Amino acid sequence: MLGKYAEEFEVYYYTSDGRRMQEVVPQGVTHKVSRLATDIYGLRHGVFYVYLLMQAFSWRRPNVGLIRLLGVSLPVVPLLKLISRRKVVISFHYDWARQTQKNYRRMFKVYASSCIQRWSLSAADHVICTMGWLEKVAREEYGKTETTVIPNFVDLRRFHPRLPKKKRVVFVGRLHWSKGVDLLITAFRAFEEHHPDYSLTILGDGEERDRLEGLAAGSSRIVFRGSVPISEVAELLNESEIFVLPTKTMEGHARALVEAMAAGCKCIASNVAGNREVLMESSSEELMFEAGDAADLLVRLNRTQSYSSMNQLQFARQHYAMDVLFARESNIISDVLKDSGEGRSNQSARVGAVLSREG
């Protein structure tokens, strides 16, 4: 994504953690991180906010185009806009406030997430939503009129089927209770009794890992790989037969799901917002199971034995190709720059991509 921005603009990429990533970001992208950055939870965020606010004064320069915000969990967005005098384009890729309300019971966190999301969206000059239902939320609950639906794109050069497929079930994501990996393990252990040639590979890490490994104990066919580079994720999906996304609460627009479709996997997902729309639009509702129901997930796993992945593969290729979707976003950025007096012809105009890792 940053590489696509860099084809047209000078990009400054701000992150909250302490890692220096200049050697891995694409050419034309400058990674910016505070010298005082730390990975200590809580303190890390405060340092990041102060750093961004100080940087915002330098964004007043004429050659700075706009702020491109990835997500709605950054509480200082209105102040960044006020100080920098720049327009803001925000990605609304999942309803972070509502997700937090489902995942946590602490009143402060629930109240704070609702306020932060409202502050972030209130400052946006344009909201790019990854799903139609998110655009409805942005319009009806937050009063945003300048919105566009652009789903997450897939790099088809990286995600593509490799035949013959291996008899492997894959999960990719954070190991958090809301992701429903416990359901997948339960269903797979029943599935492998009749299909002992299949394995289950779980990619990702998180606070639930120890509990999930305990649940999988005794099965030699379940493998936890932890966090791996995206290149390894692509290779594994490309050669695997089945992908499962068993989310219990909601998704925005699950990138892993559409990447797995592009990789030629038979994709099973729970009937929650985000997953539901993708499966319905790809005419593969028969691989959608009731959220939280391991028995229904087992039914869908068995159904893959007589299912072709072709519908999902063609859907991903036709609707999520990176170049097509990014061209739409580029046009939005161009229009916002023109409105702010920074026309697209000004090749020195910058796009500041600000990423918050709090969501």
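Here are some notes:
- Flag if A216 is assigned by TED's automatic domain parsing to the domain that holds Q312, in contact with a helix residue (DSSP H, G or I) (Cβ under 9 Å, 6 or more places away or on another chain), touching a residue at least 60 places away in the same chain (Cβ under 8 Å) and more than 18 Å from M250 (Cα to Cα): no
- Matching residues in segment 154-185 - criterion: being under 17 Å from L301 (Cβ atoms) and either among the polar types (S, T, N, Q) or assigned to a loop (DSSP other than H, G, I, E, B) (or both): K165, G180
- Residues of segment 293-332 that are in contact (Cβ under 8 Å) with a residue 60 or more places away in the chain, assigned to a helix (DSSP H, G or I) and under 19 Å from M280 (Cα atoms): L297, L301, T304, L313, A316, R317, H319.
- Any chance Y41 is among the aromatic types (F, W, Y), surrounded by fewer than 12 Cβ atoms within 10 Å (Cβ to Cβ) and at negative phi: yes
- Applying the condition of being buried (at least 16 other Cβ atoms within 10 Å of the Cβ) and acidic (D, E) to segment 213-261 and asking which residue is farthest from Y307 (Cα to Cα) yields E251.
- Against the test of being among the charged types (D, E, K, R) and in contact with a strand residue (DSSP E or B) (Cβ under 9 Å, 6 or more places away or on another chain), the options R189, R158, R174 yield a single qualifying residue, R189.
- Single residue of segment 74-97 satisfying the filter (basic (K, R) and touching a residue at least 40 places away in the same chain (Cβ under 8 Å)) that is nearest to N63 (Cα to Cα): R86
- R158 vs. criteria of a type in the set (K, R) and within 21 Å of the chain's Cα centre (by Cα): yes
- Among residues of segment 50-72, those that are outside any strand (DSSP E or B) and either crowded, with 18+ Cβ neighbours inside 10 Å or of a type in the set (G, A, S) (or both), counted: 8
Let's see how each residue does on (1) within 23 Å of F159 (Cβ to Cβ); (2) crowded, with 23+ Cβ neighbours inside 10 Å; (3) within 22 Å of the chain's Cα centre (by Cα):
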residue	(1), (2), (3)
G274	yes, yes, yes
E277	yes, no, yes
F289	no, yes, yes
M310	yes, no, no
R317	yes, no, yes
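- Any hit, segment 212-221, residues being under 19 Å from N302 (Cβ atoms) and among the basic types (K, R): yes
- Only one of the listed residues (R139, R105, R118) is more than 19 Å from the chain's Cα centre (by Cα) and at pLDDT 95 or above. That residue is R139.
- Output for segment 261-281, where each listed residue is within 19 Å of C129 (Cα to Cα) and not charged (D, E, K, R): V272, A273, G274, N275, V278, L279, M280
- Yes/no for T100 being assigned to a strand (DSSP E or B) and among the hydroxyl-bearing types (S, T, Y): no
The values are calculated or read from the model by the stated rules, or taken from the named source; none is laboratory data. All values reported here derive from a predicted model rather than from experimental measurement. Because the Cβ atoms are built from the backbone with ideal geometry, glycine has one as well, and the counts that use them run over all protein chains shown.
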